[in-house]
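Visitor: This structure is in structure tokens; I'll ask about it shortly.
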Amino acid sequence: MSHIAIGPSVSKSPFYDATVDAGATEYTIYNHMYMPMSYGDPLGEYKTLTTGVSCWDVAAERQVEIVGPDAAALTQYVSARNLGGLRPGRARYAPMCDHDGCLINDPIALCLAEDRWWLSIADSDMTLWVKAIAGAKGFDAEVFEPDVSPLAVQGPKADDVCRTLFGTELIDSIGFFQHRFAELEGIPLVLCRSGWSRQGGFELFLTDGDRGMELWDLVMAAGEPQGIAPGTPHRMERIESGLLSYGSDVDPDTDPIEAGLGPFVNLDTEYEFVGRQALIARQTDPSNRRRLVNIDIDGPMPAPQHSWPASASGKPAGRVRAATWSPKLGHNIGLALLSTDAATPGTPLTVDADDSVLTATVSPVPFGVSL
Ligand code: THG
């Protein structure tokens with residue numbers, strides 16, 4: 001069997017050795033970095049995440065730091081969401097588009113200070129993009145990738161663990177998508193109530209990459225009474241919860257509204273942002289528009305390694321972009337990017353899943369809302 005070579009062009013996170021010691025069995029490459037995907041027990045890890053608390057190395061969620069007099073204006077110009085009123089200590093989910101109105105990343109924008117912002121990115125090279133936009137448009141701001149590595153503490157017991165670490169007063173004063181500069185035994189970090197699950201919790205944005213092992217050990221020790229275990233962003237939970245995975249769920253010609261991110265995009269703004277005009281034009285041309293929908297899949301299925309073609313009434317309808325077993329529903333579910341006529345609830349689909357043919361049905365409402 002062939003393996004992917006471990007080489008210097010892909011970097012290791014400050015928590016990498018801790019994840020190896022903790023028994024990570026699978027890594028993916030995300031933002032040119034190894035990111036743990038599994039510790040070998042998907043259902044056990046799902047249970048820990050949904051009933052207890054788990055600790056994730058998500059250092060591969062890199063930051064684009066934007067600093068300077070035009071930092072706020074530049075961050076707004078590259079964001080399809082209105083960031084007006086976003087004050088220091090607050091964050092907002094802010095999809096980014098190219099000039100064709102297509103989604104190129106779906107970061108969380110964190111306002112650290114009026115003139116200092118982070119875009120906490122999904123898997124695409126946004127430092128290059130924002131730097132290029134800044135240079136081409138003459139924004140007075142520095143754009144770079146800082147030494148910042150998020151460690152996520154997620155699950156219904158995450159608050160308890162974080163109270164042990166940071167104190168009840170601080171933890172209970174931080175609302176959803178709010179953040180504070182904090183320290184843990186002298187380890188500098190930004191503490192944010194966020195994370196890629198709907199189970200609640202925090203992300204600890206470590207700002208000194210030499211201290212990853214120390215931070216990991218502190219979190220694991222503090223979480224012992226709650227039975228904290230190492231985990232990873234979890235495919236089952238995130239599909240059940242309706243959280244978008246930019247790299248998996250969309251293709252390069254998908255706009256944020258097709259991807260279901262309409263509520264996080266503002267087209268009626270008085271200012272320009274990259275892709276605004278194109279996005280408006282796409283809305284007025286419904287002919288080839290698509291929609292990312294949830295589907296229920298009948299019976300067993302092979303493990304998906306890439307997207308699968310789907311058809312409705314014998315005609316090509318789009319592709320199944322992601323699929324998983326749902327512990328909550330007790331059957332397989334997925335996300336399909338379909339032409340709008342095939343995307344109506346109840347539409348029966350035939351899915352060409354490698355060597356097997358599956359049947360599926362478009363679900364009535366997004367899982368994130370219904371479950
Ligand atoms: N945390 C951090 N960086 C990240 C992610 C993260 N970068 C990559 C990826 N995840 C970015 N994508 C998302 C997608 C969804 C959410 C966060 C990041 C999310 N969405 C909520 C929702 O859809 O309900 C809240 C949106 C809102 O109310 O604004 O949390 O997880 N650091």
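Visitor: Cα extents of the chain along the three principal axes, largest first, in whole Å?
Guide: Result for the chain: principal-axis Cα extents of 62, 49, 42 Å.
Visitor: Find the relative contact order for segment 8-109 and round it to a whole percent, using C-alpha pairs within less than 8 Å whose residues are 6+ positions apart.
Guide: 17 percent
Visitor: Another question, if that's okay. Taking every pair of alpha-carbon atoms in segment 212-319, what share in percent sits in each 5 Å bin, from 0 to the bin with the longest distance?
Guide: The calculated distribution, bin by bin, is 2, 7, 14, 16, 14, 11, 10, 10, 7, 5, 2, 0.
Visitor: Under a 10 Å cutoff between Cα atoms, tell me which one of PRO14, PRO263, PRO146 has the largest fluctuation in the Gaussian network model of the chain.
Guide: Most flexible of the set in this elastic network: PRO263.
Visitor: Taking every DSSP beta bridge that has both residues in the chain, what percent is antiparallel when rounded to the nearest 5?
Guide: Rounded to the nearest five, the antiparallel share is 95 percent.
Visitor: Select from PRO286, PRO42, PRO69 the residue whose mean-square fluctuation is largest in a Gaussian network model of the chain (Cα-Cα springs shorter than 10 Å).
Guide: Greatest mean-square fluctuation among the candidates belongs to PRO286.
Visitor: Please report how far the C-alpha centroid of segment 98-119 lies from that of segment 1-37, rounded to the nearest whole angstrom.
Guide: 26 Å
Visitor: Based on the Kirkwood radius over alpha-carbon pairs, what value in µm²/s does the Stokes-Einstein equation return for the translational diffusion coefficient of segment 99-166 at 25 °C and 0.890 mPa s? Can you show the working numbers first?
Guide: On the way: Rh = 14.8 Å.
Roughly 166 µm²/s, to the nearest whole number.
Visitor: Write down the accessible area per residue of segment 175-230 in Å², having rolled a 1.4 Å probe over the full set of protein chains.
Guide: Heavy-atom accessible area per residue stands at 43 Å².
Visitor: Give the residue list of GluC sites (Glu not before Pro) in segment 160-236 that are DSSP loop and have at most 13 other beta-carbon atoms within 10 angstrom. Working shown, then result.
Guide: On the way: sites: GLU169, GLU183, GLU185, GLU203, GLU214; in loops: GLU185.
Answer in residue order: GLU185.
Visitor: Running a GNM on the chain with Cα contacts under 10 Å, which residue among VAL20, VAL265, VAL58 ends up with the highest mean-square fluctuation?
Guide: VAL20
Visitor: Name the residues of segment 269-311 whose amide N is less than 13 Å from a point 7 angstrom out from the Cα of ALA136 along the C-beta direction?
Guide: 274-276
Visitor: As an exercise, use a Förster radius of 22 Å and the Cβ-Cβ distance of THR28 and SER2 to find the FRET efficiency, rounded to the nearest 0.05. Walk me through the numbers on the way to the answer.
Guide: Numbers: r = 17 Å, r/R0 = 0.75.
FRET efficiency, THR28 to SER2: 0.85.
Visitor: OK, next. About the Cα centre of segment 1-140, what is the dipole size in debye to 20, counting +1 per Lys and Arg Cβ and -1 per Asp and Glu Cβ, all else neutral?
Guide: 380 debye
Visitor: Give me the percent of the accessible area of the chain that comes from carbon and sulfur atoms, probe 1.4 Å, all protein chains in place.
Guide: Exposed carbon and sulfur together represent 52 percent of the surface.
Visitor: Considering Cα pairs under 8 angstrom that are at least six residues apart, work out the relative contact order of the chain and quote it in whole percent.
Guide: 17 percent
Visitor: Let me ask something else. Charges on Cβ only, +1 for Lys and Arg, -1 for Asp and Glu, centred on the Cα centroid of the chain; of VAL148, VAL190, PRO42, which one is farthest towards the dipole's positive end?
Guide: Farthest towards the positive pole: PRO42.
Visitor: If you don't mind, another one. Compute the signed sum of charges (Lys and Arg +1, Asp and Glu -1) over the other residues within less than 13 Å, Cβ to Cβ, of VAL20.
Guide: -3
Visitor: Next question, about the same structure. Using a basic spin-label model with each label point 7 Å from the Cα along Cα→Cβ, how many nm lie between SER311 and ARG163?
Guide: Between SER311 and ARG163, the label points sit 5.7 nm apart.
Visitor: Per residue of the chain, what 222 nm ellipticity follows from adding -39500 (n - 2.57) for every DSSP H run with n ≥ 4, rounded to the nearest 500?
Guide: It comes out at -6000 deg cm²/dmol, rounded to the nearest 500.
The values are calculated or read from the model by the stated rules, or taken from the named source; none is laboratory data. Please read all numbers here as calculations on a predicted model, not as lab measurements. Using ideal geometry, Cβ is built from the backbone for each residue, glycine included, and neighbour counts are taken over all protein chains shown. In case anyone asks, the SASA skips ligands and DNA or RNA and just uses the protein heavy atoms, side chains included. Shrake-Rupley method; radii C 1.70, N 1.55, O 1.52, S 1.80 Å.
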